[in-house]
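> Just passing along the structure, written as structure tokens.
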Amino acid sequence: MSGIYRGLVSYGDPEFSRFLRRAFLHASGRSPESLDRPVIGIATSSSDFNPCHRQQPELVKSVARGIIAAGGLPMEFPTISLGESFLEPTAMVYRNLMAMDVEELVRAQPMDGVVLVGGCDKTVPAQLMGAFSAGRPAIQLVTGPMSTGRYEGERLGACTDCRRFWARYRAGEIGEDEIGRIERNLATTAGTCAVMGTASTMACLVEALGMALPDSATAPAVHADRLRIGEATGAAAVEIAVADRTPDQVVTAASIRNALRVLLAIGGSTNALIHLTAMAGRLGLTVDPDELNELSDTTPVLVELKPTGSHYMEDLHASGGLPAVLHDLRDLLDLSALTVTGETLGERLGDGPAWVDRDVVRPLSEPSRDKGGLVWLKGSLAPAGALIKRSAADPALFETTGRAVVFSSLEDLAARIDDPALEVEASDVLVLQNAGPLGAGMPEAGYLPIPAKLARAGVRDMVRISDARMSGTAYGTIVLHVTPEAALGGPLALVRTGDLIRLSVATARLDLLVSPKELATRRVELPAASNEPLTGYRRLFRDHVLGADQGCDFGFCRPPS
Ligand code: FES
């Protein structure tokens, strides 16, 4: 059964179920003939708590126009929405909840295909994780990035500039009045963060995976192109549904490898590795960290966007968009990978864009950096791995042996980081414990602030290590996702102030220079794990969340291996 008769309500009388469904659909005022068309769901995620999705109602209308023009029946339905800076303790905790919401509504409701409309960091991976598990034909439409604002002649965009100005404010270089004026010019339009943060990275990866239309990742949220892309996505969804082109036909080991190449070439967010791992896991696929390092060493950074370069997403769109990047990378990609529209990636790329601004998208022969942005580290401090974004780090700190200054929790960090009595030097290594998935929901706290007294003395970067994540808009010599996390008794939990830690980006190592005997003694002294009584979703999260190396998904949401 397809169309409105797909998946009937169980009354014990299928004819009655069909009769009742028609009767209630007549209440919507749709013509009886339209009920025979392919049904295309439009999963929306508008919310007043998600300003990044502010223009979604207009975008959804364009999708519906495209569906109707192609002979389908659009059926819009809401899911939860995750606004990155509006969820306590962090939106990351709720990504899997949104994925479950999308999965069940796509599976349970009568639709032949679905357009997923999202944008802010966690929404796109959540929608795709859900759609992958539901196994129904699907296509992603991102809301598009914000346009930049202006402050005293300077272009500003959320949120690399948020961090830059906040660091200057913390260092005492600008005052209350000025930071207030800047605050009102950082996020001035609808859309997702204006730089190559997590939202932009995910938009590019989805296009690289083939799960969205070509040239759809970068069009600004308020640009007319965004609405044209919406209309074309709606029309494409009808064809995809009729062809029954399910996500497992598009997302394969080859397309995931292509997406990793793109992640590296755009200097993308570290968060994307977690999300890509989770999305792949929903289809029984894996992201191999060793392969990541091999790809990183052979994929140059081509895109000059903040935080690794100086441009914004609107510049990338005007410079040829992701097709320009993909075309330059074509010799490193598997061009036989199928895309959601039924063509191969190679067919999609054709001859590439007519014009590319080489200040924004560097040619392969003259890249911004010779090697990719990410390195997966291993060593005695991170037996299952940790991640560093070398493209956003200070090369002078790539080979560091330093004294640990340890913060045992987010609360401890907040209480002591700016304490004038804190004993800390610029050559020290800041360590944050218990901020991983189980410990704290894995917030974007890995961008530990430079202690105020060092910031005021002009220190701009230090080696910082944690089991937390970092915003894609942040920068610095920051080691993230240390696994196993401290709350699970990983070696990170055993570090004490004064220990020596060695970071070597060249050898992809992260080591705690403390004897195994001493570590065994400390392990015995570790406090017992807290067993706070929890109910509902938070209990589900605590009991089932996997480590960062497995995408922080729930094990029970993955297909049995
Ligand atoms: Fe929504 Fe950055 S806060 S994309």
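Read-outs: derived from the displayed coordinates by stated rules, not from any lab. Note that the structure is predicted; figures quoted are calculated from it, not measured. As a convention, Cβ positions derive from the backbone with ideal geometry for all residues, glycine included, and neighbour counts pool all protein chains shown.
> Any chance you could check the Cα centroid distance between the stretch 129-152 and the stretch 185-245 for me, in angstrom?
About 6 Å separates the Cα centre of the stretch 129-152 from the one of the stretch 185-245.
> Across the chain, where is the longest run that never hits chymotrypsin sites (Phe, Trp or Tyr not before Pro) in a DSSP loop with at most 15 other C-beta atoms within 10 Å? Can you show the working numbers first?
On the way: sites that count: Tyr11, Phe49, Trp355.
Here the longest run is 50-354.
> Report the antiparallel proportion of the DSSP beta bridges in the chain as a percent, rounded to a multiple of 5. Display every interim value, and only then the final one.
Values: 24 of 52 bridges.
Here the antiparallel bridges make up roughly 45 percent for the chain.
> Can you tell me how much longer the chain between Asp357 and Thr344 gets when fully stretched, taken as 0.36 nm per residue apart minus their C-alpha distance, in nm with one decimal? Let's see the in-between values first.
Values: separation 13, 0.36 × 13 = 4.68 nm, distance 2.57 nm.
Once the chain is fully extended between Asp357 and Thr344, it gains 2.1 nm.
> Given a cut-off of under 8 Å on Cα pairs at least six residues apart, what relative contact order in percent is computed for the stretch 364-506?
On the way: 318 pairs, mean separation 45.3, N = 143.
Once divided by the residue count of the stretch 364-506, the mean separation gives 32 percent.
> On the Cα set of the stretch 226-276, report Rg and Dmax in Å, please.
That works out to 14.3, 37 Å for Rg and Dmax.
> What value in Å³ per residue do you get for the convex hull of the alpha-carbon atoms in the stretch 265-369? Present the calculation step by step, with values, prior to reporting the outcome.
Values: hull volume 12.8 nm³, N = 105.
Residue-normalised Cα hull volume stands at 122 Å³.
> Give the cysteines in the chain for which no other Cys Cβ lies under 4.7 Å away, or write none if there are none.
So far as the 4.7 Å Cβ criterion goes, Cys193, Cys204, Cys552, Cys557 stand without a partner in the chain.
> So if we plug the beta-carbon distance of Ala384 and Ser515 into 1/(1 + (r/R0)^6) with R0 = 25 Å, what FRET efficiency do we get, rounded to 0.05? Please report the intermediate quantities before stating the final value.
Details: r = 21 Å, r/R0 = 0.85.
Efficiency computed from Cβ-Cβ geometry: 0.70.
> Run the quick spin-label model on Arg22 and Arg538: label points 7 Å from Cα toward the beta carbon, then report their separation in nm to one decimal.
Each label point is offset 7 Å from its Cα along the Cβ direction, giving 4.9 nm.
> Evaluate 2.2 N^0.38 Å with N set to the residue count of the stretch 354-490, then give the Cα radius of gyration divided by it. Display every interim value, and only then the final one.
Numbers: Rg = 16.5 Å, N = 137, 2.2 N^0.38 = 14.3 Å.
Compactness ratio reported: 1.16.
> Taking Rh as the Kirkwood radius computed over C-alpha pairs, what is the Stokes-Einstein D of the stretch 23-136 at 20 °C in a medium of viscosity 1.002 mPa s, expressed in µm² per second? Mind showing how you got there, number by number?
Working: Rh = 14.7 Å.
The estimated diffusion coefficient comes to 146 µm²/s.
> R0 = 30 Å: FRET efficiency of Thr497 with Ile179, Cβ-based, nearest 0.05? If you can, show how the numbers build up before the last one.
On the way: r = 32 Å, r/R0 = 1.06.
Between Thr497 and Ile179 the formula returns 0.40.
> Multiply the residue gap between Val524 and Val242 by 0.36 nm, knock off their C-alpha separation, and tell me the result in nm, one decimal place.
Contour length minus the Cα-Cα distance gives 95.5 nm.
> Hey, another quick one. Please report the spacing between the Cα centers of the stretch 424-503 and the stretch 60-117 in Å, no decimals.
Their Cα centres are 35 Å away from one another.
> I need the helices of the chain that pass two filters: whole DSSP H segments spanning 24 Å or more by Cα along the axis, and mean Kyte-Doolittle score no lower than -0.5.
Numbers: long enough: 92-108 (25 Å, 0.31); 224-242 (28 Å, 0.58).
Going by DSSP H runs, the hits are 92-108, 224-242.
> Let me ask something else. Under a straight-distance cross-link criterion of Cα-Cα below 30 Å, which lysines are reachable from Lys517, leaving out those fewer than 8 residues away in the same chain?
Lys378
> Roughly how many nanometres apart are two label points built 7 Å out from the Cα toward the Cβ at Ser561 and Ala415?
Result for the modelled spin labels: 4.0 nm.
> Give me the net charge of Ala171's neighbourhood, meaning all other residues with Cβ under 12 Å from the Cβ of Ala171; Lys, Arg count +1, Asp, Glu -1. It would help to have the intermediate numbers written out before the result.
Details: positive: Arg164, Arg168, Arg170, Lys453, Arg456, Arg460; negative: Glu173, Asp418.
Summing Lys/Arg as +1 and Asp/Glu as -1 gives +4.
> Next up: For Asp553, enumerate residues with amide H under 5 Å from its amide H, sequence gap 5+ or separate chain, H modeled in the peptide plane.
Result for Asp553 returns Leu546.
> With the contact rule set at Cα under 8 Å and sequence spacing of 6 or more, what percent relative contact order holds for the stretch 460-529? Show your work: numbers first, answer last.
Working: 73 pairs, mean separation 14.1, N = 70.
Answer for the stretch 460-529 is 20 percent.
> Here's something else I'd like to know. Bin all alpha-carbon pair distances of the chain at 20 Å intervals from 0 and give each bin's fraction as a whole percent.
All Cα pairs considered, the percentages come to 22, 54, 22, 2.
> Per the Cauchy relation, a quarter of the hull surface: what is the mean projected area of the convex hull of the alpha carbons in the stretch 446-561, in nm²? Could the numbers behind the result be given before it?
Working: hull surface 44.1 nm².
Reported value for the Cα convex hull: 11.0 nm².
> What would the Debye equation give as log₁₀ I(q)/I(0) for the stretch 292-347 at q = 0.16, 0.23 Å⁻¹, counting only Cα atoms as equal point scatterers?
The Debye formula, applied to the Cα set alone, gives -0.63, -1.02.
> For the stretch 321-401, what is the largest minus smallest coordinate of the Cα atoms on each principal axis, given in angstrom and ordered from greatest to least?
Rounded to whole Å, the extents work out to 48, 30, 17 Å.
> What whole-number value in cubic angstrom gives the convex hull volume per residue for the C-alpha atoms of the stretch 81-146? Working shown, then result.
Working: hull volume 4.6 nm³, N = 66.
It is 70 Å³ per residue.
> Placing one identical point scatterer on every Cα of the stretch 201-300 and ignoring solvent, what is log10 I(q)/I(0) from the Debye formula at q = 0.15, 0.21, 0.23 Å⁻¹?
The calculated log intensity ratios at q = 0.15, 0.21, 0.23 Å⁻¹ are -0.67, -1.10, -1.21.
> Run the numbers for Asp290 and Glu366: contour at 0.36 nm per residue of separation, minus the present Cα-Cα distance, in nm. Write down the numbers at each step before the final one.
Numbers: separation 76, 0.36 × 76 = 27.36 nm, distance 2.62 nm.
Result for the pair: 24.7 nm of gain on full extension.
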